[in-house]
Every structure is written in C-alpha cells, then in structure tokens.
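Take a look at the structure below.
We did not get these values from a lab; they are worked out from the coordinates using the rules stated. What you are looking at is a predicted structure, and each value in this text was computed from that prediction instead of being measured. Cβ sites come from the backbone with ideal geometry, for glycine too, and all protein chains shown count toward neighbours.
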Amino acid sequence: QQKVQQSPESLIVPEGGMASLNCTFSDRNSQYFWWYRQHSGEGPKALMSIFSNGDKKEGRFTAHLNKASLYVSLHIKDSQPSDSALYFCAVSMDYAQGLTFGLGTRVSVFP
Amino acid sequence: GGIITQTPKFLIGQEGQKLTLKCQQNFNHDTMYWYRQDSGKGLRLIYYSITENDLQKGDLSEGYDASREKKSSFSLTVTSAQKNEMAVFLCASSPGQASDYTFGSGTRLLVI
C-alpha cells in the first residue's frame, strides 16, 4: 500500500522568504504527482502537478520530481501571507484510482 | 465555470444513526471521489466512481456505502455513526486523464 510522507509538519517563513516542502512516496510504480493547498474552512485546491523527472516552474512555485529517489518537493519563492495554508503532496499510480495524500505541511508566512 | 456543492455543510448525528451526505457537480466530470479528513491524518479515500452507477472501494470503505445514480451526483452514507466521531468529508470530481481534482468545501460531521 502506497505511503506518502511529508516534512516538515509545519514551517514558519518570513514574508518574501523561501518555503521548501518535502515529500517521499513508497511505490516505484507511482506516475502522477500533485501539490494541493488548503486554506482554513475550504476544500483543497490543486496548486500544480508534475509527471516527469526534473523541475517544473509556475510563477513563484517550483516542483521537483525524482522518481528513482521516490522524492518530490515544492519550493515557494517570495512567500506571501496569502500562502499561509496546509499543503498536501498527493500521489497516484493510475489517475482513475484516487490520489494518496500525505498528512500535510502547515505553512505560516508572517509579515 | 462549474461548481461542486456538498450538503449539508454541518451534520450532527447520534450514535448508531445512518447519515447521508450529498455531492453535486456541474463540470460534467466522469470521476467522483469521497475522502475523509481527520485532524493530523490527511485525506483518506473512502469510495470513488469512474462513471454513473460505478462504485469502487477505497482504503477506508468499511462503515460506509455510496451511490452514483446520476453522473452529476455522488452520495455517501455513514451506515452507523460512531460516538465522538468528528471529521470533515470531502467530495471531489475530475475529468480523468491525469487531471486536477476539484474539491467541494466539505461536510463537517460531529456525532454525539
């Protein structure tokens, strides 16, 4: 059974700083990887997906995937107070079968 | 743009009661999911449905039933609520083909 682990559990970042979130997964057959963000009282929203090894950049967000090392990460550049949220790593082997989520990293950005 | 609506937003039930949660989406998405979110435990998959009338069990299906009678709706039944149970149930939909999930804002359940 797939295990997805995230670190750190929580992160405090100054406004304008860099936040780095880590995620490891257990099944080498995993193919699809997402980062979701959840603000308090809302459902999670997809932030970005990454399916190939290497880096993928979207605005201030960069995801990195290394399937051989069973590792995916998310970096948030120039962090804003609105980035304060719970961030989930989500992994799937087959897109139809449901994502397996990690426990999340809580990011707090202070002005 | 579309929307995914979960009802009710809050649900207080009694121990042993059968409780039904509803989810509607107007994206015309094929696949729908039910997840449970507990504090400190992330999201765990209860049931999913690839198309109308299809049902697939997730890792947490015991104690739940699901129904997908129409493409646009997916309901979840807690067959016997457990005392002191407190969780958020999240519904999501996806067009498939490795696309993002769109989540509803959740139903918050408290069992007394």
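Leaving out same-chain residues fewer than 8 places away, which lysines sit with a Cα under 26 Å from that of A:LYS56?
By straight Cα distance, A:LYS56 reaches A:LYS3, A:LYS45, A:LYS67, A:LYS77.
Specify the residue with the greatest mean-square fluctuation among B:SER61, B:SER73, B:SER99, computed from a Gaussian network of chain B linking alpha-carbon atoms under 10 Å apart.
Greatest mean-square fluctuation among the candidates belongs to B:SER99.
Within region A:1-27, which residues have the backbone N less than 14 Å from the label spot 7 Å out from A:ASP78 along Cα→beta-carbon, could you tell me?
A:15-19
Straight-line reach only, C-alpha to C-alpha below 16 angstrom: list the lysines that B:LYS83 could link to, leaving out same-chain residues fewer than 8 apart.
B:LYS83 reaches B:LYS18.
Debye sum, Cα scatterers, the protein assembly as shown, no solvent: what log₁₀ I/I(0) at q = 0.16, 0.18 1/Å?
Normalising to I(0) and taking log10 leaves -1.10, -1.32.
Which distance in Å, rounded to a whole number, links the C-alpha centroids of region A:1-43 and region B:70-112?
Spelled out, the Cα-based centre of one part sits 21 Å from the other.
Count, for each residue of A:94-107, the Cβ atoms from other chains sitting within 10 Å of its Cβ, then give me the mean as a whole number. Walk me through the intermediate numbers first.
Numbers: counts 1, 6, 10, 7, 16, 8, 6, 7, 2, 4, 5, 0, 0, 0.
For this peptide, the per-residue mean of nearby foreign Cβ atoms is 5.
Build a GNM of chain A with springs between Cα atoms under 10 Å: which of A:TYR87, A:TYR95, A:TYR71 gets the top mean-square fluctuation?
In this elastic network of chain A, the residue with the biggest mean-square fluctuation among A:TYR87, A:TYR95, A:TYR71 is A:TYR95.
Would any residue of region B:61-79 have its amide N under 20 Å from a label point 7 Å out along Cα→Cβ of B:GLU15? List them or say none.
Of the residues in region B:61-79, B:63-64, B:78-79 have backbone N under 20 Å from the label point off B:GLU15.
What average count of beta carbons from other chains do you get within 10 Å of the Cβ of residues in B:96-105? Walk me through the intermediate numbers first.
Numbers: counts 2, 2, 9, 4, 7, 9, 4, 7, 2, 3.
Per residue, the number of nearby Cβ atoms from other chains is 5 on average.
What nm value, rounded to one decimal, do you get for the distance between A:MET18 and A:GLN2 when each label is placed 7 Å out toward the C-beta?
2.9
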